[in-house]
Amino acid sequence: MEDKKAFYIASAVFSALTIISTDQVSAKAYDPVKKRCYGAALAGQNDCPSDVHSCKGTSTTDCNPQDWKLAMSQEECDKMIKECKKKMKK
């Protein structure tokens, strides 16, 4: 009986720690200081889902206005969009 009790306690602690660490990873992935910069992602380089797909890195077109990359500022976003459009012209 003691072994079962210890097992359940250990499982509960492990589950709680897993949830906490997962939340911290998610918080880093979606840093509120960063902004979504739409139209700046090259094909396969988007940062997470959009209306047309559900995963990071699955965009199929360059500079799609529905796909986004994370940027630290509006200036960085503008630069990323400009670079994306420049690469499309090549």
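Only the coordinates and a few stated rules stand behind these numbers; no lab work does. Predicted model only: the values in this text are computed from it and were never measured. Please note: Cβ atoms are built from the backbone with ideal geometry, for glycine as well, and neighbour counts cover all protein chains shown.
Quick look at the numbers
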quantity: Only Lys, Arg (+1) and Asp, Glu (-1) charged, at Cβ; the stretch 33-90 dipole about Cα centre in debye; calculated: 220
quantity: Residue order, fewest to most surrounding Cβ atoms within 10 angstrom, among D78, D62; calculated: D78, D62
